[in-house]
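Heads up: the structure comes next, in structure tokens.
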Amino acid sequence: MTERDLLVDCLRRLNGAAIKYMLTGSMASNYWGIPRTTHDLDFVIQLPADTIPALVSAFRPDFYLDDAALREAYRPPYQFNALDTRSALKVDFWLMRPDPFEQEMFGRRLAVTLFGEPAWICTAEDVILHKLHWNHITPSERQLGDATGVVSVQRAQLDLVYLRRWAGELQVAAKLEDLLTGRIAPKST
């Protein structure tokens, strides 16, 4: 099973279980920017406690879900994993937090078709901001590279007012300006 196969499988399961979600992380930056190899999927999900059985039912038996981790996901860092037992590939599920940026990001998610499947994905602007935010927390060339790739591909379509507003809130304004002005550019291969 490839990462693409895993993505399609997860989209079918989430859609079938009527779980509200959005694709984030590297797969979202691949969609909007310069693709790179990735070995996991990241979804932000709304998971009221009464919907846990629907999620578990949708993913088992092909995925290992730890019951204790599911219960703990309602506390920081609001995350649990599903391990695909067929391939050992990992899916990270992040519960949506009551954070203003995350709430707005989820509200702006877009309905697209990925590899023939309906999907909800975060916007290009939100991928950039999310990647810059994570880079601010734990500096990573990979996060910065993903953000740079999205800016380079989507530059003409980006909502700069939105980007600058949230970059200030997230304390990543300087890095955003470096991306927008080309002081940080995609790496050549």
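The values are calculated or read from the model by the stated rules, or taken from the named source; none is laboratory data. Nothing here was measured: the structure is a model prediction, and the numbers come from that model. Cβ sites come from the backbone with ideal geometry, for glycine too, and all protein chains shown count toward neighbours. Each accessible area value is taken on the protein alone, full model and side chains, heavy atoms only, with ligands, DNA and RNA left out. Shrake-Rupley method; radii C 1.70, N 1.55, O 1.52, S 1.80 Å.
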Taking the alpha-carbon centre of each part, the distance from the stretch 18-41 to the stretch 54-132 in Å is 10 Å
Report the equivalent ellipsoid semi-axes for the stretch 112-189 in whole Å, largest first, defined as the square roots of five times the eigenvalues of the gyration tensor built from alpha carbon atoms.
20, 15, 13
Return, ordered by residue number, the residues of the stretch 133-159 whose backbone nitrogen is under 16 Å from a label point located 7 Å along Cα→Cβ of residue 92.
133-147
Within straight-line cross-link reach of residue 90, lysines at Cα separation under 29 Å, skipping those fewer than 8 residues along the same chain
20, 131, 187
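Quantify, in whole percent, the carbon and sulfur part of the accessible surface of the chain (1.4 Å probe; protein heavy atoms only). Display every interim value, and only then the final one.
On the way: 5180 of 9470 Å².
The computed percentage sits at 55.
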Calculate, in whole percent, how much of the Cα-Cα pair population of the chain lies beyond 27 Å.
28 percent
Per the 1/(1 + (r/R0)^6) rule, R0 = 30 Å and r from the Cβ atoms of residue 171 and residue 142, FRET efficiency to 0.05 is 0.90
List the equivalent ellipsoid semi-axes of the stretch 57-163 in whole Å, largest first, each obtained as the square root of 5λ for an eigenvalue λ of the Cα gyration tensor.
27, 17, 15
Sticking to Cα atoms, compute the Rg of the stretch 1-96 to one decimal and its Dmax as the biggest Cα-Cα distance, whole number, in Å.
12.7, 38
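Report the rotationally averaged projected area of the stretch 84-127 based on its alpha-carbon convex hull, in square nanometres. Before the final figure, lay out each step's value.
Working: hull surface 17.1 nm².
Taking a quarter of the hull surface, the average projection is 4.3 nm².
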Interatomic Cα distance distribution for the stretch 41-96, bins of 5 angstrom, percent
4, 20, 32, 29, 11, 3
